[in-house]
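Colleague: Got a structure here, written out as C-alpha cells. Questions coming.
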Amino acid sequence: MKYLTGCLLIFLNINLIAQNYKSKADILNKNEINNSFELDKYKITGRLIDQEQKQPLEYATVGIFKPGTETLVKSTVTDFDGKFSVKIIEGIYDIRFEYISYETKTFKKIKVNADKDLGEISLKFKASELDEVNVISETTKLDVRLDKKIYTLGKDLTVAGGTVTEALENVPSVSVDIEGGISLRGNENVRILINGKPSALAGFGNTDVLQQLPADAIEKVEVITSPSARYDAQGTAGIINIVLKRDKTLGFNGSVRLQTGTPLNNRAAANLNWRTEQFNFFGNIGYSHRKPPGNASFESNFSNDNPDREFDRVIEDRSYNRNRKDFNFNIGATYFFDYNTSITASYFGRTGEDDDLTNNFTSTFNEGEFINERLRQEKEIEDEESYQVSLNFNKKFDNDGHELDTEFQYSEDSEYAPTIITEDVINGEDQFIPDESVIEREDQTEYLLQADYVRPMGESQFEAGFRINLENNKEPFFREFETEENEVQVDTVLTNDFEFDENVYAVYAQYGDKFGDFSFLLGLRYEYTQLQGKTTSDFDLSVFEELLGEDVDLNFDNKFDGLFPTLNLIYELGEDENFTLGYNRRINRPRGWYLNPTPSLSSRTNIFQGNPSLRPAFANAVDLGYLKRWDEKFTLTTSVYYQRETDAFERIDEEVGTTADGLVIIRSIPINLSTNQRMGFEVGALYNATEWLNINWSVNGFRFETDGFFNGQDFGVTNNSITSRFSAKVELPYKIQWQTNVNYQGPFENAQTKTKSITSVNLALSKDILNDNATISVNVRDLFNSRIRDRITTAPTFTRESNFQWRERQISATFIYRFNQNKERNEGQRDGDYGGDGGY
C-alpha cells in the first residue's frame with residue numbers, strides 16, 4: 001500500500017502547489033504580488049494526528065481555499081511531527097486537511113486577522129479505502145522516468161522466501177542464467193547497484209551475495225538502460241539499481257521468516273525496526289543452510305592432425321555436492337537533527353562457510369578404443385567474510401527537492417579456500433596422477449566517497465556531484481603436489497601473488513527542464529581510471545609467462561580518462577502516454593577475475609585463465625521507448641535500441657598443450673575483439689484483468705553482430721536471439737493465491753559457441769493467515785528440472801559438447817509473520833524521507 005500511497009501524496013501535493021501559483025493571481029493584483037511577502041503576515045499553525053492512535057500524520061496536505069469554492073489560495077504539507085505552518089493575508093478562508101486513506105476534514109469560513117493556532121486536528125481512518133489500496137499493491141507497477149524504468153514489485157509468490165537474485169528473474173529486460181549471472185537485454189556487462197551505490201550487498205562486483213539476501217527486502221527495481229550522468233559509467237549494458245525497503249512507521253515493527261526445502265534449503269531471518277520522532281533504529285539478521293546439487297558433462301573430440309596426442313576423445317561427467325552455510329546481519333540508525341537534516345550510520349556483515357565436493361569422472365578414448373576412466377575429487381572448504389561501514393548525511397533545503405546527499409563507505413571482503421585434489425584410475429590402463437593441494441585467497445578493500453547536489457529551479461533542475469572509488473585486490477595462489485616418490489613439491493610455475501588496484505575518480509553535472517509536454521535531461525560525466533596490476537613470485541616467472549604468451553604483461557599500469565555524455569528526452573502525449581529517447585556512452589572495465597593470469601584447476605583438461613592485457617571496452621547506445629496505460633488495468637511498454645561497443649570482451653577456447661599423461665588442455669581466456677553491435681526491441685505488458693487475475697508478459701528480441709580477428713582466426717559472427725517471460729497470478733477459493741511463471745531464453749551464438757534454448761517453469765501457492773499477520777507459501781522452482789545449459793563449441797583443433805545444471809529442481813515452504821506491519825496506517829508516506837537507509 002505504501003508505494004501507491006506515496007505516489008498519490010506526491011501527485012496531490014504537486015497538483016495543489018501548481019494550483020496555488022495559478023490562483024494567487026486571482027486574489028492579488030500586480031502591486032500586491034510584488035508585496036506578497038509583506039501581505040502574508042498572519043501565520044496559521046496546527047498539528048494533524050490520527051484520531052485513534054494519536055500518532056502524527058506526516059506529509060498530510062493542508063489547503064487554504066476561498067470560502068465555498070475550489071480556488072486554492074495556499075497549500076503546505078505537515079512535517080515529521082504532523083505540524084504545519086503557513087502565512088496568509090487577512091481574510092476569510094476554508095481550510096481543508098487531506099491524507100490518503102483518511103476522511104477529509106474542512107474548517108469553513110475561518111477569519112484570519114491575526115496569527116491563529118488551530119491546535120491538534122484529528123483525522124479519522126477509512127478502513128474500506130485501505131483494503132482497496134492493499135489489493136492494488138498486490139500487482140507490479142511500472143513508472144517511466146527520463147532515465148529509467150521503475151518496477152515496484154507486487155506480491156510475487158514465486159519468490160516468497162526466495163532471494164534477490166530469484167526476484168530479478170521476474171523483472172522485464174533482466175535475465176538470470178543458471179549460475180546466477182545477471183544480464184540486461186541479453187548483455188552481461190551490467191552494473192549492479194544497491195540504493196544507487198556500489199555495495200558489499202552486491203558482492204563487490206559479483207552476484208553471489210544477492211543469492212543470500214531475501215527477496216522481500218526489495219522495494220523496487222530500477223532498470224536503467226540509458227543512465228544519466230549521475231550514475232557510474234561502468235557497465236555497457238546499463239544499470240540495475242535494487243532499492244531496498246526502509247520502514248517509515250513510528251513505533252516498533254518487523255517480520256520473521258522461516259523456510260525449509262528439498263534439496264536442503266533452510267533459512268531463518270528477522271527484520272526489526274524501531275522509530276521514534278528523532279531516531280530510527282533498524283536491524284536485519286539471517287541464516288541459511290543449503291545443499292544445492294548440480295551436475296555437468298563435457299565431451300571433447302580432437303582432430304587427428306597432431307601425432308603426439310594420445311587421446312582423440314575425452315568425456316567428463318561432474319557432480320557438485322555443495323554444503324553452504326551463510327550468516328548475515330545489518331544494523332544501523334538514523335538521527336533526525338530536524339525536519340530537513342539527518343545522518344545515517346550502518347554496518348553490514350556476512351560470513352559464509354562452504355564445504356563442497358566435486359566428483360569428476362573422466363573417460364579417454366583413442367580411435368574408438370577405451371583407454372581408461374579416472375575419478376578426480378576436489379574437496380574445497382571456503383570461508384568468506386564481508387563487512388561494510390556506511391555513513392550518510394542528507395540535507396534538504398526545502399520541500400521542492402533542493403538537497404545535498406553525501407555518502408562514505410568502507411568495505412572489506414575476504415575469502416580463504418583450501419582445496420585437496422585427488423585423482424585415481426578406476427578402470428583401464430593404470431598411470432600415476434599426482435595428488436594436489438591448492439590454497440586460494442582473495443582480500444579486497446574498497447573506499448567510496450560521493451556527494452550529490454540537486455537544485456530545482458521552477459520547472460528546471462540542476463545536479464552536480466563527484467565520486468571517488470578506490471579498490472585494492474590481493475589474490476595469492478599456492479599449489480603443491482605429490483611426486484611418484486611420495487615427495488611433496490611446491491609448484492614453482494603456478495604459485496604466485498596477484499595484486500590489482502582499480503581507482504576511479506569522477507565528476508558530473510546535468511541539467512533538466514520541461515517545456516509544455518516536452519522534458520529533457522542533458523548531462524556530462526568525466527571519469528579518470530587507473531588499472532594497476534602486478535604478479536610476483538618467490539620462483540622464476542619465465543615459465544609462467546611462456547604459458548600466457550608474448551603479448552601478455554604480468555605487470556601493468558593503465559591510466560585512461562574519458563567524457564561520458566548522456567541525453568534523455570520524454571514527450572508526453574497525455575497523462576498515460578509518452579515517448580522516451582535516450583543516448584549514453586558507457587565503459588566496461590575488466591574485473592580482477594578477468595585479469596588474474598592464474599588458471600583455475602577445477603579440471604586438468606578444461607581451465608579458465610584471466611588476461612592481464614585486457615583493455616576496457618567502450619559503448620555508445622541509443623534507446624527509443626513508448627508507454628501507454630489504459631484505466632490502471634493495462635500497461636504497454638515498447639522500445640527499440642541500438643548499441644555499438646569497441647574492444648568488446650569475448651571468451652575464446654583454444655588448445656594450449658597436454659598434461660604429463662597426454663590429456664589435451666583446453667583454455668578459456670577473455671580477449672578484446674574489434675567491435676560488436678547489438679540491436680533489438682522489447683515489448684512488455686502488465687494486465688490487471690480483475691481482482692483475481694493479474695498477467696505480466698515481456699519479450700526481448702535482439703540481433704548481435706561481432707567483428708574481429710585473433711591469432712589469424714576470424715571470430716566474426718551474426719546471431720539472432722529472443723528471451724521472454726510470462727507470469728499469471730490467480731486467486732482461488734478461500735483466498736489462496738496461485739502463480740505460474742514461465743521463462744524462455746532463446747538459442748544464442750557467439751564466436752565459437754552455440755547455446756541451446758532453455759525453458760523453465762516456477763509454481764507457487766500462498767495464503768494469508770492469522771488475521772493477515774502471517775503468510776504461508778509453497779514454491780516449486782524449475783518444475784520440470786529443465787534449466788540446463790547445452791552448448792556446442794567449435795575450435796580449429798577440437799569440438800566440445802557440454803551441458804551444465806547449476807541447481808536441480810527446488811521445492812520449499814515458507815512461513816512469514818509480521819508484527820505491527822499488516823495494513824499499517826502510516827505505510828503510505830512518500831519515499832525519500834530524510835535520506836535514511838533503513839532496512840537492508
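The values are calculated or read from the model by the stated rules, or taken from the named source; none is laboratory data. A quick note: this is a predicted structure, and the numbers were derived from the prediction, not measured. Glycine gets a Cβ as well: all are built from the backbone with ideal geometry, and neighbour counts include every protein chain shown.
Colleague: Collect the residues in the stretch 92-116 that are within 12 Å of Ile64 (Cα to Cα) and in contact with a helix residue (DSSP H, G or I) (Cβ under 8 Å, 6 or more places away or on another chain), keeping them in residue-number order.
Modeller: Glu98
Colleague: I'd like the full set of residues that are touching a Ser or Thr at 6+ places or on another chain (Cβ under 6 Å) and hydrophobic (A, V, I, L, M, F, W, C), limited to the stretch 384-415. Spell out how you get there, then give the answer.
Modeller: Of the stretch 384-415, the ones touching a Ser or Thr at 6+ places or on another chain (Cβ under 6 Å) are 385, 388, 390, 392-395, 409, 412-413.
Result: Phe393, single match.
Colleague: Scan the stretch 590-614 for residues that are touching an Asp or Glu at 6+ places or on another chain (Cβ under 9 Å), under 19 Å from Thr364 (Cβ atoms) and not in a loop (DSSP other than H, G, I, E, B) and jot them down.
Modeller: Asn606
Colleague: Here's a follow-up. Within the stretch 762-789, can you find the residues that are of a type in the set (A, V, I, L, M) and within 28 Å of Arg678 (Cα to Cα)?
Modeller: Initial filter on the stretch 762-789 (of a type in the set (A, V, I, L, M)): 763-765, 769-770, 774, 776, 778, 780, 783, 788.
Within the stretch 762-789, Ile788 is the sole residue that qualifies.
Colleague: Just to be sure, is Thr566 touching a residue at least 60 places away in the same chain (Cβ under 8 Å), in a loop (DSSP other than H, G, I, E, B) and over 30 Å from Thr690 (Cα atoms)?
Modeller: Here the answer is no, as Thr566 does not meet what is asked.
Colleague: Please list, ordered by first then second residue, the pairs with beta carbon atoms under 8 Å, 6 or more apart or interchain, first in the stretch 482-507 and touching a residue at least 24 places away in the same chain (Cβ under 8 Å) and outside any strand (DSSP E or B), second crowded, with 16+ Cβ neighbours inside 10 Å and of a type in the set (Val, Ile, Thr).
Modeller: These pairs meet every condition: Leu494/Thr598.
Colleague: Something else about it: Which one of these does Gly574 not meet: (1) surrounded by fewer than 16 Cβ atoms within 10 Å (Cβ to Cβ); (2) in contact with a Leu (Cβ under 6 Å, 6 or more places away or on another chain); (3) among the small types (Gly, Ala, Ser)?
Modeller: Just one mismatch for Gly574, condition (2).
Colleague: Quick one: how many residues across the stretch 791-816 are within 30 Å of Gln53 (Cα to Cα) and either modelled with pLDDT under 90 or in contact with a Cys (Cβ under 8 Å, 6 or more places away or on another chain) (or both)?
Modeller: Total meeting the criteria: 1.
Colleague: Let me ask another. Yes or no: the stretch 564-571 includes at least one residue that is over 25 Å from Lys197 (Cα atoms), assigned by TED's automatic domain parsing to the domain that holds Glu459 and crowded, with 16+ Cβ neighbours inside 10 Å. Walk me through it before giving the result.
Modeller: Of the stretch 564-571, the ones over 25 Å from Lys197 (Cα atoms) are 570-571.
Add one more test, that the residue is assigned by TED's automatic domain parsing to the domain that holds Glu459, and what stays is 570-571.
Still in the running and crowded, with 16+ Cβ neighbours inside 10 Å: 570.
Yes, that holds for at least one residue.
Colleague: Working carefully through the options Asn720, Asn676, find the one that is more than 30 Å from Asp430 (Cα to Cα), crowded, with 18+ Cβ neighbours inside 10 Å and modelled with pLDDT of 85 or more.
Modeller: Result: Asn676 is the single residue among Asn720, Asn676 that is more than 30 Å from Asp430 (Cα to Cα), crowded, with 18+ Cβ neighbours inside 10 Å and modelled with pLDDT of 85 or more.
Colleague: Please go through the stretch 73-115 and give me each residue that is crowded, with 19+ Cβ neighbours inside 10 Å, polar (S, T, N, Q) and outside any loop (DSSP other than H, G, I, E, B), ordered by number.
Modeller: Residues satisfying the conditions are Ser75, Thr76.
Colleague: Please verify whether Glu655 is crowded, with 16+ Cβ neighbours inside 10 Å, within 30 Å of Glu575 (Cα to Cα), assigned by TED's automatic domain parsing to the domain that holds Val699 and acidic (Asp, Glu), treating the condition exactly as stated. Lay out the reasoning, then the answer.
Modeller: On the way: crowded, with 16+ Cβ neighbours inside 10 Å: yes; within 30 Å of Glu575 (Cα to Cα): no; assigned by TED's automatic domain parsing to the domain that holds Val699: yes; acidic (Asp, Glu): yes.
When the stated conditions are applied, Glu655 does not pass them.
Colleague: Do you know which of the residues in the stretch 49-71 that are of a type outside the set (Val, Ile, Thr) and within 17 Å of Ile110 (Cβ to Cβ) is surrounded by the fewest Cβ atoms within 10 Å (Cβ to Cβ)? It would help to see each step written out before you state the result.
Modeller: Filtering the stretch 49-71 down to residues of a type outside the set (Val, Ile, Thr) leaves 50-60, 63, 65-68, 70.
Cutting the leftovers down to within 17 Å of Ile110 (Cβ to Cβ) gives us 63, 65-68, 70.
Details: Gly63: 24, Phe65: 20, Lys66: 16, Pro67: 12, Gly68: 9, Glu70: 11.
The qualifying residue surrounded by the fewest Cβ atoms within 10 Å (Cβ to Cβ) is Gly68.
Colleague: Can you tell me which residue in the stretch 322-352 is nearest to the chain's Cα centre (by Cα), limited to those that are over 26 Å from Gln388 (Cα atoms) and surrounded by 15 or more Cβ atoms within 10 Å (Cβ to Cβ)? Give the steps one after another, and end with the answer.
Modeller: Initial filter on the stretch 322-352 (over 26 Å from Gln388 (Cα atoms)): 322, 338-340.
Filter again for surrounded by 15 or more Cβ atoms within 10 Å (Cβ to Cβ), leaving 322, 339-340.
Working: Arg322: 25, Tyr339: 31, Asn340: 29 Å.
The extreme case among them is Arg322.
Colleague: Let me ask something else. Could you grab the pairs with beta carbons closer than 8 Å, sequence gap of 6+ or different chains, first residue in the stretch 520-537 and on the phi < 0 side of the Ramachandran plot, second one modelled with pLDDT of 95 or more and not in a strand (DSSP E or B)?
Modeller: none
Colleague: Further question: Out of all the residues in the stretch 580-597, which are among the hydroxyl-bearing types (Ser, Thr, Tyr) and within 22 Å of Lys559 (Cβ to Cβ)? Working first, answer last.
Modeller: In the first step, residues of the stretch 580-597 are kept if they are among the hydroxyl-bearing types (Ser, Thr, Tyr); the result is 580, 583, 594.
Hit for the stretch 580-597 is Tyr594, nothing else.
Colleague: Scan the stretch 658-700 for residues that are in contact (Cβ under 8 Å) with a residue 24 or more places away in the chain, more than 30 Å from Tyr151 (Cα to Cα) and small (Gly, Ala, Ser) and jot them down.
Modeller: Correct list: Gly662, Ser668, Ser674.
Colleague: Given the condition of a type in the set (A, V, I, L, M, F, W, C), modelled with pLDDT of 90 or more, touching a Ser or Thr at 6+ places or on another chain (Cβ under 7 Å) and closer than 20 Å to Thr483 by Cβ, answer yes or no: does some residue in the stretch 416-435 qualify?
Modeller: Taking every residue of the stretch 416-435 in turn, at least one turns out to be of a type in the set (A, V, I, L, M, F, W, C), modelled with pLDDT of 90 or more, touching a Ser or Thr at 6+ places or on another chain (Cβ under 7 Å) and closer than 20 Å to Thr483 by Cβ.
Colleague: Could you check, for the stretch 449-459, whether at least one of its residues is out of contact with any Leu (no Cβ under 7 Å at 6 or more places or on another chain) and under 26 Å from Phe329 (Cα atoms)?
Modeller: Among the residues of the stretch 449-459, at least one is out of contact with any Leu (no Cβ under 7 Å at 6 or more places or on another chain) and under 26 Å from Phe329 (Cα atoms), which makes the answer yes.
Colleague: In the list Ile570, Ile607, which residue meets the criterion of being more than 25 Å from Ser668 (Cβ to Cβ) and in contact with a strand residue (DSSP E or B) (Cβ under 6 Å, 6 or more places away or on another chain)?
Modeller: Ile570
Colleague: Within the stretch 664-671, is there a residue that is in contact with a helix residue (DSSP H, G or I) (Cβ under 6 Å, 6 or more places away or on another chain), crowded, with 16+ Cβ neighbours inside 10 Å and either not assigned by TED's automatic domain parsing to the domain that holds Leu614 or not small (Gly, Ala, Ser) (or both)?
Modeller: Yes, the stretch 664-671 contains at least one residue that is in contact with a helix residue (DSSP H, G or I) (Cβ under 6 Å, 6 or more places away or on another chain), crowded, with 16+ Cβ neighbours inside 10 Å and either not assigned by TED's automatic domain parsing to the domain that holds Leu614 or not small (Gly, Ala, Ser) (or both).
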